[in-house]
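The values are calculated or read from the model by the stated rules, or taken from the named source; none is laboratory data. In this text the structure is predicted, and so the values were computed from the model without any measurement. Ideal geometry is used to build each Cβ from the backbone, glycine not excepted, and the neighbour counts take in all protein chains shown. All accessible areas refer to the heavy atoms of the entire protein, side chains included, with ligands and DNA or RNA removed. Shrake-Rupley method; radii C 1.70, N 1.55, O 1.52, S 1.80 Å.
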Amino acid sequence: MNSPDKPWAGRFNEPTDAFVEAFTASVDFDRRLYRYDIQGSIAHATMLARQGILTAADRDAIVAGLTRIRERIEAGEFEWSIPLEDVHMNLEAALVADLGDTGKKLHTGRSRNDQVATDVRLYLRAEIATIRAGIERLQSAILEVAEREAASVMPGFTHLQVAQPITFGHHMMAWFEMLQRDRERLADCRRRVEILPLGAAALAGTTYPIDRHYTAELLGFARPAENSLDAVSDRDFIIEFTAAAAILMMHLSRCAEELILWSSAQFGFVELSDAFCTGSSIMPQKKNPDVPELVRGKAGRIFGHLMGLLTLMKGQPLAYNKDNQEDKEPLFDTVDNLKGSLKVFAELLGALKCNPQRMRAAARQGFATATDLADYLVRKGIPFRDAHEIVGQAVALGIREKKDLSELPLEKLRRFSPEITEDVFPVLTLDGSVAARDHLGGTAPTQVRAAIRRARERLADDPT
Ligand code: ARG
(Lines give C-alpha, C1' and ligand atoms only; values in the text may rest on other atoms or scores of the structure.)
Protein backbone atom coordinates (compact mmCIF):
# COMPACT_ATOMS: atom_id res chain seq x y z
CA MET A 1 0.00 0.00 0.00
CA ASN A 2 1.04 3.57 -0.50
CA SER A 3 1.59 5.62 2.57
CA PRO A 4 -1.89 6.82 3.59
CA ASP A 5 -0.86 10.47 3.35
CA LYS A 6 -0.47 10.31 -0.46
CA PRO A 7 -3.62 12.18 -1.54
CA TRP A 8 -4.02 10.07 -4.69
CA ALA A 9 -3.30 6.65 -3.17
CA GLY A 10 -6.92 5.40 -3.29
CA ARG A 11 -6.85 3.46 -6.57
CA PHE A 12 -3.38 1.96 -6.03
CA ASN A 13 -2.69 -1.50 -4.64
CA GLU A 14 1.10 -1.44 -4.60
CA PRO A 15 3.43 1.15 -3.18
CA THR A 16 5.38 3.45 -5.48
CA ASP A 17 8.85 2.18 -6.28
CA ALA A 18 11.22 4.09 -4.05
CA PHE A 19 13.38 5.27 -6.92
CA VAL A 20 10.36 6.29 -8.98
CA GLU A 21 9.08 8.22 -6.02
CA ALA A 22 12.30 10.22 -5.86
CA PHE A 23 12.53 10.44 -9.65
CA THR A 24 9.06 11.93 -10.09
CA ALA A 25 9.20 14.22 -7.06
CA SER A 26 9.65 17.93 -7.62
CA VAL A 27 9.49 19.19 -4.07
CA ASP A 28 13.24 19.76 -3.88
CA PHE A 29 12.90 22.57 -6.38
CA ASP A 30 9.23 23.59 -6.48
CA ARG A 31 9.13 24.27 -2.73
CA ARG A 32 10.38 27.71 -3.59
CA LEU A 33 6.83 28.37 -4.88
CA TYR A 34 5.35 27.89 -1.39
CA ARG A 35 4.37 31.52 -0.91
CA TYR A 36 2.53 31.66 -4.20
CA ASP A 37 0.90 28.29 -3.61
CA ILE A 38 -0.45 29.61 -0.32
CA GLN A 39 -1.51 32.90 -1.88
CA GLY A 40 -3.40 31.03 -4.61
CA SER A 41 -5.01 28.67 -2.08
CA ILE A 42 -6.20 31.55 0.09
CA ALA A 43 -7.77 33.23 -2.94
CA HIS A 44 -9.35 29.94 -4.02
CA ALA A 45 -10.81 29.27 -0.55
CA THR A 46 -12.06 32.85 -0.31
CA MET A 47 -13.84 32.48 -3.64
CA LEU A 48 -15.32 29.08 -2.68
CA ALA A 49 -16.75 30.61 0.51
CA ARG A 50 -18.24 33.57 -1.31
CA GLN A 51 -19.94 31.15 -3.70
CA GLY A 52 -21.35 29.13 -0.80
CA ILE A 53 -19.19 26.10 -1.66
CA LEU A 54 -17.32 26.38 1.65
CA THR A 55 -18.65 27.82 4.88
CA ALA A 56 -17.18 31.03 6.21
CA ALA A 57 -15.90 29.04 9.22
CA ASP A 58 -14.09 26.57 6.94
CA ARG A 59 -12.59 29.45 4.97
CA ASP A 60 -11.34 31.16 8.09
CA ALA A 61 -9.82 27.95 9.41
CA ILE A 62 -8.12 27.29 6.05
CA VAL A 63 -6.76 30.81 5.74
CA ALA A 64 -5.43 30.70 9.31
CA GLY A 65 -4.00 27.21 8.79
CA LEU A 66 -2.22 28.21 5.57
CA THR A 67 -0.85 31.30 7.25
CA ARG A 68 0.54 29.16 10.06
CA ILE A 69 2.17 26.85 7.52
CA ARG A 70 3.80 29.81 5.81
CA GLU A 71 5.16 31.00 9.13
CA ARG A 72 6.54 27.54 9.90
CA ILE A 73 8.27 27.42 6.52
CA GLU A 74 9.74 30.86 6.99
CA ALA A 75 10.96 29.95 10.45
CA GLY A 76 12.68 26.87 8.95
CA GLU A 77 10.41 24.55 10.94
CA PHE A 78 8.61 22.84 8.09
CA GLU A 79 9.61 19.37 7.08
CA TRP A 80 9.37 18.73 3.37
CA SER A 81 8.56 15.20 2.31
CA ILE A 82 9.68 13.52 -0.91
CA PRO A 83 6.90 10.89 -0.79
CA LEU A 84 4.49 13.83 -0.89
CA GLU A 85 6.00 14.65 -4.27
CA ASP A 86 5.60 18.37 -4.70
CA VAL A 87 4.99 21.65 -2.95
CA HIS A 88 1.23 21.41 -3.47
CA MET A 89 0.77 18.06 -1.75
CA ASN A 90 3.23 18.91 1.01
CA LEU A 91 1.27 22.00 1.92
CA GLU A 92 -2.09 20.30 1.62
CA ALA A 93 -0.97 17.38 3.81
CA ALA A 94 0.26 19.83 6.42
CA LEU A 95 -3.09 21.62 6.32
CA VAL A 96 -4.97 18.35 6.78
CA ALA A 97 -2.65 17.38 9.64
CA ASP A 98 -3.50 20.70 11.26
CA LEU A 99 -7.24 21.02 10.51
CA GLY A 100 -8.45 17.49 9.80
CA ASP A 101 -11.52 17.30 7.54
CA THR A 102 -11.67 21.05 6.98
CA GLY A 103 -8.21 20.94 5.44
CA LYS A 104 -9.42 18.29 3.01
CA LYS A 105 -11.98 20.72 1.60
CA LEU A 106 -9.45 23.16 0.15
CA HIS A 107 -8.91 21.16 -3.02
CA THR A 108 -12.62 21.38 -3.97
CA GLY A 109 -13.01 22.51 -7.59
CA ARG A 110 -9.27 22.58 -8.15
CA SER A 111 -6.51 20.36 -9.48
CA ARG A 112 -2.75 20.51 -9.14
CA ASN A 113 -2.79 21.28 -12.86
CA ASP A 114 -4.44 24.67 -12.57
CA GLN A 115 -2.75 25.16 -9.21
CA VAL A 116 0.81 24.81 -10.48
CA ALA A 117 0.14 26.98 -13.52
CA THR A 118 -1.20 29.66 -11.17
CA ASP A 119 1.73 29.36 -8.79
CA VAL A 120 4.27 29.82 -11.56
CA ARG A 121 2.39 32.83 -12.92
CA LEU A 122 2.30 34.46 -9.48
CA TYR A 123 6.00 33.73 -9.02
CA LEU A 124 6.95 35.06 -12.42
CA ARG A 125 4.93 38.23 -12.02
CA ALA A 126 6.83 39.02 -8.81
CA GLU A 127 10.19 38.15 -10.33
CA ILE A 128 9.54 40.28 -13.41
CA ALA A 129 9.03 43.27 -11.12
CA THR A 130 12.32 42.53 -9.34
CA ILE A 131 14.17 42.05 -12.60
CA ARG A 132 12.77 45.23 -14.09
CA ALA A 133 13.93 47.10 -10.97
CA GLY A 134 17.36 45.51 -11.44
CA ILE A 135 17.48 46.73 -15.03
CA GLU A 136 16.50 50.17 -13.87
CA ARG A 137 19.32 50.25 -11.34
CA LEU A 138 21.77 49.26 -14.04
CA GLN A 139 20.37 51.94 -16.35
CA SER A 140 20.84 54.54 -13.61
CA ALA A 141 24.47 53.45 -13.17
CA ILE A 142 24.93 53.80 -16.93
CA LEU A 143 23.48 57.32 -16.85
CA GLU A 144 25.97 58.33 -14.17
CA VAL A 145 28.90 57.19 -16.31
CA ALA A 146 27.38 58.77 -19.41
CA GLU A 147 26.99 62.08 -17.64
CA ARG A 148 30.57 62.06 -16.39
CA GLU A 149 31.96 61.15 -19.79
CA ALA A 150 29.53 63.02 -22.03
CA ALA A 151 32.37 64.85 -23.77
CA SER A 152 35.11 62.20 -23.54
CA VAL A 153 36.17 61.34 -27.06
CA MET A 154 36.91 57.74 -27.95
CA PRO A 155 37.18 55.89 -31.22
CA GLY A 156 33.90 54.44 -32.47
CA PHE A 157 34.36 51.09 -34.14
CA THR A 158 32.85 49.09 -36.94
CA HIS A 159 34.38 45.67 -37.57
CA LEU A 160 36.41 46.53 -34.45
CA GLN A 161 38.40 48.88 -36.68
CA VAL A 162 38.50 52.59 -35.86
CA ALA A 163 35.59 54.19 -37.72
CA GLN A 164 34.70 57.67 -36.43
CA PRO A 165 35.23 59.55 -33.18
CA ILE A 166 32.37 59.25 -30.72
CA THR A 167 31.88 60.25 -27.12
CA PHE A 168 32.03 57.67 -24.35
CA GLY A 169 28.76 59.08 -23.03
CA HIS A 170 27.15 58.32 -26.38
CA HIS A 171 28.41 54.77 -26.22
CA MET A 172 26.97 54.40 -22.71
CA MET A 173 23.63 55.67 -23.97
CA ALA A 174 23.58 52.90 -26.57
CA TRP A 175 23.70 50.45 -23.67
CA PHE A 176 20.91 52.37 -21.98
CA GLU A 177 18.68 51.96 -25.05
CA MET A 178 19.30 48.23 -25.28
CA LEU A 179 18.26 47.81 -21.66
CA GLN A 180 15.27 50.07 -22.09
CA ARG A 181 13.88 47.70 -24.71
CA ASP A 182 14.60 44.77 -22.42
CA ARG A 183 12.60 46.42 -19.67
CA GLU A 184 9.75 47.08 -22.09
CA ARG A 185 9.83 43.50 -23.36
CA LEU A 186 9.45 42.22 -19.80
CA ALA A 187 6.52 44.55 -19.12
CA ASP A 188 4.86 43.30 -22.28
CA CYS A 189 5.54 39.68 -21.37
CA ARG A 190 4.02 40.32 -17.94
CA ARG A 191 0.68 41.21 -19.57
CA ARG A 192 0.40 37.59 -20.67
CA VAL A 193 1.64 36.23 -17.34
CA GLU A 194 -1.11 37.92 -15.30
CA ILE A 195 -3.86 35.59 -16.51
CA LEU A 196 -5.57 33.20 -14.13
CA PRO A 197 -5.57 29.43 -14.78
CA LEU A 198 -7.52 28.54 -11.58
CA GLY A 199 -10.95 27.17 -12.35
CA ALA A 200 -9.61 25.11 -15.25
CA ALA A 201 -9.17 22.33 -12.66
CA ALA A 202 -7.62 19.21 -14.20
CA LEU A 203 -8.41 20.20 -17.78
CA ALA A 204 -12.11 20.68 -18.45
CA GLY A 205 -13.30 23.05 -15.73
CA THR A 206 -15.28 22.10 -12.64
CA THR A 207 -18.89 21.30 -11.74
CA TYR A 208 -18.96 23.79 -8.85
CA PRO A 209 -20.47 27.26 -9.30
CA ILE A 210 -17.13 29.04 -9.11
CA ASP A 211 -16.44 32.70 -9.85
CA ARG A 212 -13.16 32.90 -11.71
CA HIS A 213 -13.35 36.66 -12.12
CA TYR A 214 -13.41 37.03 -8.38
CA THR A 215 -10.37 34.77 -7.90
CA ALA A 216 -8.53 36.74 -10.59
CA GLU A 217 -9.40 39.96 -8.83
CA LEU A 218 -8.21 38.62 -5.47
CA LEU A 219 -4.85 37.72 -7.00
CA GLY A 220 -4.55 40.97 -8.92
CA PHE A 221 -4.62 39.17 -12.26
CA ALA A 222 -6.06 40.88 -15.31
CA ARG A 223 -8.60 38.16 -16.09
CA PRO A 224 -9.26 34.41 -16.02
CA ALA A 225 -7.86 32.33 -18.89
CA GLU A 226 -10.47 31.79 -21.61
CA ASN A 227 -9.92 28.10 -22.21
CA SER A 228 -9.39 25.46 -19.53
CA LEU A 229 -7.31 23.11 -21.70
CA ASP A 230 -5.00 25.93 -22.73
CA ALA A 231 -4.81 27.30 -19.18
CA VAL A 232 -3.39 24.12 -17.65
CA SER A 233 -1.17 23.03 -20.49
CA ASP A 234 0.68 25.87 -22.17
CA ARG A 235 3.91 27.22 -20.82
CA ASP A 236 4.42 29.78 -23.56
CA PHE A 237 4.49 32.55 -20.95
CA ILE A 238 7.60 30.93 -19.47
CA ILE A 239 9.18 30.55 -22.88
CA GLU A 240 8.39 34.17 -23.67
CA PHE A 241 9.95 35.30 -20.42
CA THR A 242 13.03 33.19 -21.06
CA ALA A 243 13.30 34.62 -24.57
CA ALA A 244 13.22 38.14 -23.13
CA ALA A 245 15.80 36.99 -20.56
CA ALA A 246 18.00 35.55 -23.31
CA ILE A 247 17.90 38.83 -25.24
CA LEU A 248 18.74 40.73 -22.08
CA MET A 249 21.67 38.41 -21.40
CA MET A 250 22.80 38.81 -25.00
CA HIS A 251 22.92 42.54 -24.36
CA LEU A 252 24.74 42.15 -21.06
CA SER A 253 27.21 39.84 -22.72
CA ARG A 254 27.98 42.46 -25.38
CA CYS A 255 28.49 45.11 -22.69
CA ALA A 256 30.65 42.64 -20.76
CA GLU A 257 32.75 41.97 -23.84
CA GLU A 258 33.37 45.68 -24.30
CA LEU A 259 34.40 46.11 -20.67
CA ILE A 260 36.78 43.19 -21.05
CA LEU A 261 38.33 44.73 -24.15
CA TRP A 262 38.44 48.25 -22.74
CA SER A 263 40.07 47.15 -19.50
CA SER A 264 42.89 45.34 -21.30
CA ALA A 265 46.36 46.90 -21.42
CA GLN A 266 45.97 47.41 -25.18
CA PHE A 267 42.90 49.61 -24.79
CA GLY A 268 43.17 50.95 -21.26
CA PHE A 269 39.94 52.97 -21.65
CA VAL A 270 38.58 51.87 -18.28
CA GLU A 271 39.72 50.29 -15.09
CA LEU A 272 37.55 47.82 -13.23
CA SER A 273 37.56 48.07 -9.47
CA ASP A 274 39.74 45.48 -7.71
CA ALA A 275 36.65 44.26 -5.94
CA PHE A 276 35.35 42.82 -9.23
CA CYS A 277 38.54 41.18 -10.44
CA THR A 278 40.75 38.31 -9.43
CA GLY A 279 44.43 37.59 -9.81
CA SER A 280 46.31 34.65 -11.22
CA SER A 281 47.96 31.99 -9.10
CA ILE A 282 51.00 32.00 -11.37
CA MET A 283 51.24 35.40 -13.09
CA PRO A 284 51.70 38.09 -10.45
CA GLN A 285 50.82 41.00 -12.75
CA LYS A 286 47.34 39.72 -13.66
CA LYS A 287 44.06 41.39 -12.84
CA ASN A 288 41.37 39.41 -14.58
CA PRO A 289 37.92 40.77 -15.45
CA ASP A 290 36.14 37.74 -14.01
CA VAL A 291 32.81 39.40 -13.36
CA PRO A 292 32.12 40.53 -16.93
CA GLU A 293 33.50 37.24 -18.22
CA LEU A 294 31.13 35.29 -16.04
CA VAL A 295 28.18 37.40 -17.13
CA ARG A 296 29.18 36.79 -20.75
CA GLY A 297 29.34 33.07 -19.99
CA LYS A 298 25.98 33.00 -18.24
CA ALA A 299 24.33 34.23 -21.42
CA GLY A 300 25.09 30.83 -22.93
CA ARG A 301 23.40 28.99 -20.12
CA ILE A 302 20.24 31.08 -20.44
CA PHE A 303 20.11 30.62 -24.22
CA GLY A 304 20.30 26.91 -23.39
CA HIS A 305 17.29 27.18 -21.08
CA LEU A 306 15.30 28.86 -23.84
CA MET A 307 16.09 26.02 -26.22
CA GLY A 308 15.34 23.49 -23.50
CA LEU A 309 11.93 24.98 -22.75
CA LEU A 310 10.93 25.21 -26.40
CA THR A 311 11.88 21.57 -26.83
CA LEU A 312 10.04 20.62 -23.64
CA MET A 313 6.80 22.05 -25.01
CA LYS A 314 7.19 20.84 -28.58
CA GLY A 315 4.96 17.91 -29.46
CA GLN A 316 3.06 17.78 -26.17
CA PRO A 317 -0.58 16.85 -26.76
CA LEU A 318 -3.19 18.81 -24.83
CA ALA A 319 -3.72 19.12 -21.96
CA TYR A 320 -1.39 18.77 -18.92
CA ASN A 321 1.51 16.30 -19.12
CA LYS A 322 4.10 15.56 -16.47
CA ASP A 323 6.71 16.87 -18.92
CA ASN A 324 5.70 20.31 -17.71
CA GLN A 325 7.26 19.68 -14.32
CA GLU A 326 10.56 20.17 -16.16
CA ASP A 327 9.74 23.85 -16.76
CA LYS A 328 10.70 24.93 -13.26
CA GLU A 329 14.42 24.35 -12.92
CA PRO A 330 15.35 26.21 -16.12
CA LEU A 331 12.97 29.01 -15.20
CA PHE A 332 14.34 29.36 -11.67
CA ASP A 333 17.90 29.19 -12.92
CA THR A 334 17.16 31.87 -15.51
CA VAL A 335 15.63 34.16 -12.90
CA ASP A 336 18.47 33.64 -10.40
CA ASN A 337 21.25 34.21 -12.90
CA LEU A 338 19.54 37.17 -14.48
CA LYS A 339 19.08 38.90 -11.14
CA GLY A 340 22.67 38.13 -10.16
CA SER A 341 24.08 39.39 -13.44
CA LEU A 342 22.09 42.64 -13.27
CA LYS A 343 23.12 43.30 -9.70
CA VAL A 344 26.80 42.68 -10.23
CA PHE A 345 26.85 44.64 -13.47
CA ALA A 346 25.26 47.70 -11.87
CA GLU A 347 27.81 47.59 -9.06
CA LEU A 348 30.64 47.09 -11.50
CA LEU A 349 29.61 50.19 -13.44
CA GLY A 350 29.10 52.16 -10.26
CA ALA A 351 32.78 51.61 -9.47
CA LEU A 352 34.06 52.03 -13.04
CA LYS A 353 37.05 54.33 -13.55
CA CYS A 354 37.41 55.83 -17.01
CA ASN A 355 40.59 57.02 -18.65
CA PRO A 356 39.58 59.73 -21.15
CA GLN A 357 43.23 60.42 -22.09
CA ARG A 358 43.69 56.87 -23.29
CA MET A 359 40.39 57.02 -25.18
CA ARG A 360 41.41 60.23 -26.89
CA ALA A 361 44.85 58.89 -27.78
CA ALA A 362 43.23 55.83 -29.34
CA ALA A 363 40.84 58.02 -31.33
CA ARG A 364 43.82 59.82 -32.84
CA GLN A 365 44.91 56.58 -34.46
CA GLY A 366 43.22 55.05 -37.46
CA PHE A 367 42.17 58.21 -39.36
CA ALA A 368 38.94 58.52 -37.42
CA THR A 369 38.14 61.92 -38.98
CA ALA A 370 38.40 60.76 -42.61
CA THR A 371 34.63 60.96 -43.04
CA ASP A 372 34.72 64.51 -41.71
CA LEU A 373 37.17 65.45 -44.45
CA ALA A 374 34.92 63.88 -47.08
CA ASP A 375 31.91 65.77 -45.69
CA TYR A 376 34.00 68.97 -45.78
CA LEU A 377 34.72 68.44 -49.49
CA VAL A 378 31.03 67.81 -50.15
CA ARG A 379 30.24 71.14 -48.51
CA LYS A 380 32.69 72.66 -51.01
CA GLY A 381 30.69 71.24 -53.90
CA ILE A 382 32.46 67.94 -54.60
CA PRO A 383 30.17 64.91 -55.11
CA PHE A 384 30.43 62.48 -52.17
CA ARG A 385 31.89 59.57 -54.17
CA ASP A 386 34.70 61.79 -55.51
CA ALA A 387 35.30 63.18 -52.04
CA HIS A 388 35.55 59.60 -50.74
CA GLU A 389 38.22 58.83 -53.35
CA ILE A 390 40.19 62.01 -52.56
CA VAL A 391 40.22 61.28 -48.85
CA GLY A 392 41.25 57.69 -49.54
CA GLN A 393 44.37 58.99 -51.27
CA ALA A 394 45.09 61.39 -48.41
CA VAL A 395 44.77 58.49 -45.94
CA ALA A 396 47.20 56.43 -48.02
CA LEU A 397 49.71 59.28 -47.77
CA GLY A 398 49.12 59.51 -44.01
CA ILE A 399 49.82 55.79 -43.68
CA ARG A 400 53.08 56.17 -45.65
CA GLU A 401 54.17 59.16 -43.60
CA LYS A 402 52.81 57.75 -40.30
CA LYS A 403 50.77 60.90 -39.74
CA ASP A 404 47.13 61.58 -38.92
CA LEU A 405 45.19 63.67 -41.46
CA SER A 406 45.29 66.65 -39.08
CA GLU A 407 49.08 66.40 -39.01
CA LEU A 408 49.57 66.60 -42.79
CA PRO A 409 50.60 70.07 -43.93
CA LEU A 410 48.10 72.07 -45.95
CA GLU A 411 50.16 71.98 -49.21
CA LYS A 412 50.20 68.20 -49.12
CA LEU A 413 46.45 68.02 -48.51
CA ARG A 414 45.86 70.51 -51.34
CA ARG A 415 47.61 68.14 -53.74
CA PHE A 416 44.52 65.94 -53.46
CA SER A 417 42.05 68.79 -53.92
CA PRO A 418 42.45 72.55 -54.41
CA GLU A 419 39.16 72.94 -52.47
CA ILE A 420 41.03 72.17 -49.25
CA THR A 421 41.96 75.38 -47.42
CA GLU A 422 43.10 76.45 -43.96
CA ASP A 423 39.56 76.03 -42.55
CA VAL A 424 39.92 72.24 -42.88
CA PHE A 425 41.87 71.85 -39.64
CA PRO A 426 39.05 72.44 -37.13
CA VAL A 427 37.09 69.84 -39.10
CA LEU A 428 39.87 67.30 -38.63
CA THR A 429 40.01 67.61 -34.84
CA LEU A 430 38.31 65.00 -32.68
CA ASP A 431 36.22 67.53 -30.77
CA GLY A 432 35.17 69.24 -34.00
CA SER A 433 34.18 65.88 -35.42
CA VAL A 434 31.94 64.84 -32.54
CA ALA A 435 30.49 68.32 -32.04
CA ALA A 436 29.43 68.35 -35.71
CA ARG A 437 27.11 65.35 -35.25
CA ASP A 438 24.64 67.59 -33.55
CA HIS A 439 21.18 66.17 -34.09
CA LEU A 440 18.90 63.82 -32.19
CA GLY A 441 20.66 60.48 -31.81
CA GLY A 442 24.07 61.95 -32.73
CA THR A 443 27.26 61.77 -30.69
CA ALA A 444 27.78 65.52 -29.99
CA PRO A 445 28.17 66.14 -26.24
CA THR A 446 25.18 68.51 -26.24
CA GLN A 447 23.07 65.76 -27.78
CA VAL A 448 24.35 63.20 -25.30
CA ARG A 449 23.41 65.47 -22.41
CA ALA A 450 19.95 65.99 -23.89
CA ALA A 451 19.58 62.22 -24.35
CA ILE A 452 20.53 61.68 -20.71
CA ARG A 453 17.87 64.19 -19.61
CA ARG A 454 15.23 62.43 -21.68
CA ALA A 455 16.39 59.06 -20.41
CA ARG A 456 15.88 60.17 -16.81
CA GLU A 457 12.35 61.22 -17.67
CA ARG A 458 11.67 57.92 -19.38
CA LEU A 459 12.83 56.03 -16.29
CA ALA A 460 10.63 58.16 -14.07
CA ASP A 461 7.63 57.69 -16.38
CA ASP A 462 7.73 53.93 -16.22
CA PRO A 463 7.83 52.67 -12.67
CA THR A 464 8.49 48.99 -12.16
N1 ARG B 1 4.64 18.92 -9.80
C2 ARG B 1 3.74 19.07 -10.88
C3 ARG B 1 4.31 20.06 -11.92
O4 ARG B 1 5.23 20.71 -11.61
C5 ARG B 1 2.43 19.59 -10.38
C6 ARG B 1 1.27 19.20 -11.22
C7 ARG B 1 1.08 17.75 -11.15
N8 ARG B 1 -0.12 17.33 -11.79
C9 ARG B 1 -0.29 16.06 -12.07
N10 ARG B 1 -1.42 15.76 -12.64
N11 ARG B 1 0.59 15.13 -11.83
O12 ARG B 1 3.84 20.15 -13.02
Just the ratio, please: alpha-carbon radius of gyration of the range 1-63 over 2.2 N^0.38 Å, N its number of residues.
1.52
Solvent-accessible surface (1.4 angstrom probe) belonging to T421, in square angstrom, nearest 10
50 Å²
On the full set of protein chains, 1.4 Å probe, figure out the accessible area of V391 and give it in Å² to the nearest 10.
10 Å²
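Say R0 is 30 Å: what FRET efficiency, to the nearest 0.05, do A222 and E79 get from their beta-carbon distance? Don't skip to the answer; put the middle values down first.
Numbers: r = 37 Å, r/R0 = 1.23.
Calculated transfer efficiency: 0.25.
Keeping every protein chain in place, order Y320, Y208, Y376 by accessible area at 1.4 Å, biggest value first, i.e. largest first.
Order by accessible area, largest first: Y208, Y320, Y376.
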In nm, what is the difference between 0.36 nm times the number of residues separating Q357 and N321 and their Cα-Cα distance?
6.9 nm
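Treating only the Cβ of Lys, Arg, Asp and Glu as charged (+1, +1, -1, -1), what charge dipole size does the range 88-184 show about its Cα centre? Round to the nearest 20 debye.
Values: 11 positive and 13 negative charges, 59 e Å.
Using Cβ point charges on Lys, Arg, Asp and Glu, the range 88-184 gives about 280 debye.
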Sequence-separation-based contact order of the chain, relative, with Cα cut under 8 Å and 6+ spacing, percent
17 percent
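Set the bar at 25 Å for Cα to Cα. Now go through K298/K328; K6/K328; K287/K402; K286/K402 and name every pair that lies beyond it. Show your work: numbers first, answer last.
Working: K298/K328 18 Å; K6/K328 22 Å; K287/K402 33 Å; K286/K402 33 Å.
Check vs 25 Å cut-off fails for K287/K402; K286/K402.
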Please list the equivalent ellipsoid semi-axes of the chain, computed as the square roots of five times the alpha-carbon gyration tensor eigenvalues, in descending order and whole angstrom.
62, 23, 19
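Suppose accessible area is computed on protein heavy atoms with a 1.4 Å probe; arrange K402, K339 from highest to lowest.
On the way: K402 180, K339 65 Å².
Descending order: K402, K339.
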Place a +1 charge on the Cβ of each Lys and Arg in the chain and a -1 charge on the Cβ of each Asp and Glu, then give the dipole magnitude about the Cα centre in debye, rounded to the nearest 20.
1100 debye
Is there a quick way to get the dipole size of the range 182-309? I mean about its Cα centre, with the Cβ of Lys and Arg at +1 and of Asp and Glu at -1; what is the value in debye to the nearest 20?
220 debye
A64 versus D461, label points 7 Å from Cα toward the beta carbon: distance in nm?
5.1 nm
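Ignoring ligands, DNA and RNA, please state the percent of accessible area on the range 126-171 from carbon and sulfur, probe 1.4 Å. Write down the numbers at each step before the final one.
On the way: 860 of 1670 Å².
For the range 126-171, the apolar C and S fraction of the accessible surface comes to 52 percent.
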Could you point to the residue in N90, P418, S111 farthest towards the positive end of the chain's charge dipole, with +1 and -1 charges on the Cβ of Lys/Arg and Asp/Glu respectively?
P418
Accessible area of the range 47-142 divided out per residue, in Å², using a probe of 1.4 angstrom
37 Å²
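Could you please put S417, S253 in sequence from largest to smallest accessible area, using a 1.4 Å probe? Before the final figure, lay out each step's value.
On the way: S417 5, S253 25 Å².
Descending order: S253, S417.
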Can you tell me the accessible area per residue over the range 354-464, all protein chains present, probe 1.4 angstrom, in square angstrom?
55 Å²
Residue among H159, P197, G279 farthest towards the positive dipole end of the chain, charges placed on Cβ:
H159
